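Structure, as structure tokens:
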Amino acid sequence: MKDIITQQITNHNCDGLCSEKFCSEKTTNFFIHEINGIQFHIPVCKKHAEIIENANFDKCTEPPIIECEADKDGVHYKFYCKYCGKYHNHGVGEGHRLSHCDQPSPYKDTGYILKLKE
């Protein structure tokens with residue numbers, strides 16, 4: 001089990017861009033995530049600071065089982081992620097997968113187990 005501590009600091013200089021992959025907003029906040037004694041400083045815009053602030057970081061030791069569906073071509077399995085608000089696509093087959101989340105998510109620590117909806 002990982003020890004996660006999150007702290008938010010306001011960046012008054014707004015001297016950089018948000019760390020979110022597709023965001024081009026100026027940095028207004030820094031989040032300091034401490035995981036097992038290692039600090040990570042993450043610059044984010046106001047919108048993404050609110051997402052992180054409201055994220056549910058319940059400690060999770062076992063990967064959750066996520067029901068998924070096959071795409072129309074049957075090439076990928078997909079499910080809608082409640083943490084980042086996007087569909088995650090994976091190769092066909094049930095079992096453990098690493099997270100594709102680009103937002104704070106408990107899936108990043110454990111991944112998840114895909115199970116095809118019946």
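The values are calculated or read from the model by the stated rules, or taken from the named source; none is laboratory data. Just so it is clear, the model here is predicted, and its values are computed rather than measured. Neighbour counts run over all protein chains shown; Cβ positions are idealised from the backbone, glycine included.
Laid out as a table, the results:
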item: Whichever residue in segment 59-97 is of a type in the set (Ser, Thr, Tyr) and assigned to a strand (DSSP E or B) and, among such residues, is nearest to Lys115 (Cα to Cα); result: Tyr77
item: Some residue of segment 32-46 being under 30 Å from Gly16 (Cβ atoms), polar (S, T, N, Q), buried (at least 18 other Cβ atoms within 10 Å of the Cβ) and assigned by TED's automatic domain parsing to the domain that holds Gly16; result: no
item: Selection from segment 59-86 of residues that are touching a strand residue (DSSP E or B) at 6+ places or on another chain (Cβ under 9 Å) and closer than 27 Å to Phe30 by Cα; result: Lys59, Cys81, Lys86
item: Subset of segment 26-50 [at negative phi and not in a strand (DSSP E or B)]; result: Thr27, Thr28, Cys45, Lys46, Lys47, His48, Ala49, Glu50
item: Top-ranked residue of segment 98-118 - restricted to ones that are acidic (Asp, Glu) and not in a helix (DSSP H, G or I), ranked as farthest from Ile51 (Cα to Cα); result: Glu118
item: Segment 73-95: number of residues that are more than 30 Å from Asn54 (Cα to Cα), modelled with pLDDT of 90 or more and not acidic (Asp, Glu); result: 5
item: Output for segment 31-62, where each listed residue is modelled with pLDDT of 70 or more and in contact with a helix residue (DSSP H, G or I) (Cβ under 6 Å, 6 or more places away or on another chain); result: Phe31
item: Of all residues making up segment 81-110, the number that are crowded, with 16+ Cβ neighbours inside 10 Å and of a type in the set (Gly, Ala, Ser); result: 2
